[in-house]
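Engineer: One structure follows; several queries about it will come next.
Please treat every number below as a calculation from the coordinates, not as lab data. Model, not experiment: these values are computed from the prediction. Cβ: placed from backbone, ideal geometry, glycine included. Neighbour counts: every protein chain shown.
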Amino acid sequence: MKKLIAGNWKMNGTLESARALATGIVEALHADRDVLERCDFVLCPPFLHLVAVRAIVDGAASPITLGAQDCAATPDGAHTGDISAAMLKDFGCGYVILGHSERRQNHGETNQTIAAKARLAHENGLCVILCVGEKEDERAAGGELDVVENQLVQSLPPTANPENTVVAYEPVWAIGTGKTATPDDVRAMHRFLRRKLGECLAHPDKVRILYGGSVKPDNAAELFRVENVDGALIGGASLKVDQYMAIAHGA
Ligand code: 13P
């Protein structure tokens with residue numbers, strides 16, 4: 001399967017820098033048809049920058065799909081400040097990131113909330129990038145498999161299938177820290193996730209499992225060589241055209 005190269009821009013940038021970044025990536029991809037044979041591309045800007053980025057990446061032949069960084073856990077109505085899955089689909093998003101550790105930590109999101117969001121995303125035709133990952137102390141105590149299993153099993157709604165679900169393993173201690181899980185750790189966790197997916201849905205071998213957490217040009221190729229690593233969810237390095245493209249070349 002093609003590798004998925006997903007950029008999570010988080011809460012960074014201005015309208016102008018978002019336009020420049022999207023333009024740079026589109027131009028780089030047009031100049032490099034080879035990488036399109038091997039990778040699919042998703043960009044997840046902040047909500048307010050989606051309109052500007054859509055204008056740049058749009059078009060039937062575009063190799064880039066737009067994604068959002070969250071959606072509401074309810075379909076519509078009196079929810080000040082929320083954006084629904086239906087709105088994202090209507091707008092033209094194909095993906096939504098759910099369950100990111102920053103939302104679990106900063107917004108108290110539980111597996112149950114994430115499952116409700118994921119179900120709505122699925123019902124509205126979005127593909128969910130479901131994030132799971134243990135904290136440093138949980139790994140130190142040998143609990144990483146249990147933590148990740150609970151997150152996966154409890155956050156995946158019954159609507160999940162390989163077409164509408166991507167799993168991203170993001171160890172919390174590797175996010176934005178420059179520390180990356182070793183290839184052996186990634187291999188063990190991704191194999192485990194593949195096995196657990198088999199208990200949750202049909203055709204688990206067709207679900208893309210991404211690695212995220214300090215993915216950079218200099219470690220991408222090694223990570224992509226690990227079995228069951230089907231792409232990357234990239235934070236900091238997705239904000240620089242050359243780094244994002246270099247990571248894609250690692251595939
Ligand atoms: P960094 O690549 O900045 O570590 O962020 C990873 C991440 O959280 C992507 O969702």
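Engineer: For the pair Asp137 and Val153, how long in nm is the line joining their label points, each one 7 Å along Cα→Cβ?
Structural biologist: The two pseudo-label positions are separated by 2.4 nm.
Engineer: What residues have an amide H closer than 5 Å to that of Thr165, excluding those fewer than 5 places away on the same chain, when H is modeled at 1.01 Å from N in the peptide plane?
Structural biologist: Val128
Engineer: For labels at Leu145 and Asp242 in the simple 7 Å Cα→Cβ model, what's the distance in nm?
Structural biologist: 4.3
Engineer: Same structure again: Would you calculate a helix-derived [θ] at 222 nm for the chain, using -39,500 (n - 2.57) for each DSSP H run of n ≥ 4 and dividing by the full residue count, to the nearest 500?
Structural biologist: -12500 deg cm²/dmol
Engineer: Looking at this model, which pairs from Lys179/Lys240; Lys117/Lys196; Lys3/Lys179; Lys117/Lys216 are more than 26 angstrom apart at the alpha-carbon?
Structural biologist: Lys117/Lys216
Engineer: Then there's this: Mind giving me the nanometre distance, one decimal, between the label points for Val51 and Arg195, set 7 Å out from Cα along Cα→Cβ?
Structural biologist: 5.0
Engineer: While we're here: Of all alpha-carbon pairs in the chain, indicate the percentage at a distance above 34 angstrom.
Structural biologist: 10
Engineer: Further, regarding this structure: GNM, the chain, Cα, under 10 Å: largest mean-square fluctuation among Ala237, Ala78, Ala31?
Structural biologist: Highest fluctuation among the options: Ala78.
Engineer: Now a separate question. For region 53-94 and region 179-251, what is the centre-to-centre distance using only Cα atoms, to the nearest Å?
Structural biologist: Using only Cα atoms to place each centre, the spacing works out to 24 Å.
Engineer: Using 19 Å as the cut-off for backbone N distance, which residues of region 110-130 belong to the label zone defined by a point 7 Å from the Cα of His203 along Cα→Cβ?
Structural biologist: So the set is 122-130.
Engineer: Let's see if you can work this out: charge +1 on each Lys and Arg Cβ, -1 on each Asp and Glu Cβ, no other charges. What is the dipole magnitude of the chain about its Cα centre, in debye to the nearest 20?
Structural biologist: 200
Engineer: Could you pull out every residue, at least 5 positions away or on a different chain, whose amide H is within less than 5 Å of the one on Val207? Hs are placed 1.01 Å off N in the peptide plane, and Pro or chain starts have none.
Structural biologist: HN-HN under 5 Å from Val207: empty list.
Engineer: For a quick check: with amide H placed at 1.01 Å from N, whose amide H comes under 5 Å from Gly7's, ignoring anything fewer than 5 positions away on the same chain?
Structural biologist: When sequence neighbours closer than 5 places are left aside, the close amide H contacts are Val42, Leu43, Cys44, Ile234.
Engineer: Related question: If R₀ is 22 angstrom, what is the calculated FRET efficiency for the pair Ser62 and Glu163, using the beta carbon separation as r and rounding to 0.05?
Structural biologist: Details: r = 19 Å, r/R0 = 0.88.
E(calc), rounded to 0.05, equals 0.70.
Engineer: Using the per-residue mean of other Cβ atoms lying within 10 Å as a proxy for protection, in what order, highest first, do the peptides 204-214, 79-89 fall?
Structural biologist: Going from most to least packed, we get 204-214, 79-89.
Engineer: Using Cβ contacts closer than 10 Å as the measure, can you line up Leu152, Leu36 from fewest to most?
Structural biologist: Leu36, Leu152
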